[in-house]
Amino acid sequence: MTNSVNGSWVSSKPGSTAFLKFTDDGSVSGSDGANRISTTWMADDSGAVIDSFLTTQRAVQGMERWVGRTHRVEADGEELKAFDQAGNHLGVLMRDADADEPDEGR
């Protein structure tokens, strides 16, 4: 499923390892910097809706908790805007310029 959200999106916050990665097969993986995310997604009119998922509740300095609460995303150029289930804006990830390289540390 090709969509403008396809690809890897990373935090621009210094020291953060938060990211989301959307693939053509409808899977999404990611991390808030401490907890892994693994689920599926479906395209909608303005971007994509992320299916519910279970995750651990670890906390580390520099993590971005909002990534784990993301329910819907909208791609706007090089930005991926994240929203919760109520439609509240949570934050922004940036398109990963190094997405063709292996993400061994993630």
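Within the stretch 58-67, not a single residue is in a strand (DSSP E or B) and modelled with pLDDT of 90 or more. Across the stretch 1-35, the number of residues qualifying as among the aliphatic types (A, V, I, L, M) and assigned to a strand (DSSP E or B) comes to 3.
Residues that are within 12 Å of PHE22 (Cα to Cα) and either touching a residue at least 60 places away in the same chain (Cβ under 8 Å) or exposed (fewer than 14 other Cβ atoms within 10 Å of the Cβ) (or both) do not occur anywhere in the stretch 55-64. A count restricted to the stretch 6-21 and to residues that are surrounded by 15 or more Cβ atoms within 10 Å (Cβ to Cβ) and either at pLDDT 95 or above or more than 13 Å from VAL92 (Cβ to Cβ) (or both) stands at 11.
Residues in the stretch 88-97 include none that are surrounded by fewer than 17 Cβ atoms within 10 Å (Cβ to Cβ), more than 11 Å from the chain's Cα centre (by Cα) and touching a residue at least 12 places away in the same chain (Cβ under 8 Å). Residue by residue through the stretch 27-45, note down the ones that are in contact (Cβ under 8 Å) with a residue 24 or more places away in the chain and either under 15 Å from VAL60 (Cβ atoms) or surrounded by 15 or more Cβ atoms within 10 Å (Cβ to Cβ) (or both). Result: GLY30, SER31, ASP32, GLY33, ALA34, ASN35, ILE37, TRP41, ALA43. Among the numbered conditions (1) free of Cβ contacts under 8 Å to residues at least 60 places away in the same chain; (2) touching a Ser or Thr at 6+ places or on another chain (Cβ under 9 Å); (3) surrounded by 15 or more Cβ atoms within 10 Å (Cβ to Cβ), tell me where ASP24 comes up short. Among (1) free of Cβ contacts under 8 Å to residues at least 60 places away in the same chain; (2) touching a Ser or Thr at 6+ places or on another chain (Cβ under 9 Å); (3) surrounded by 15 or more Cβ atoms within 10 Å (Cβ to Cβ), ASP24 violates only (3). Count of the stretch 36-54 residues, restricted to those that are closer than 21 Å to HIS89 by Cβ and assigned to a loop (DSSP other than H, G, I, E, B), is 5.
The values are calculated or read from the model by the stated rules, or taken from the named source; none is laboratory data. Predicted model, so just to flag it, every value in this text is computed and none were measured. Don't worry about glycine lacking a Cβ; one is built from the backbone with ideal geometry, like all the others, and counts go over all protein chains shown.
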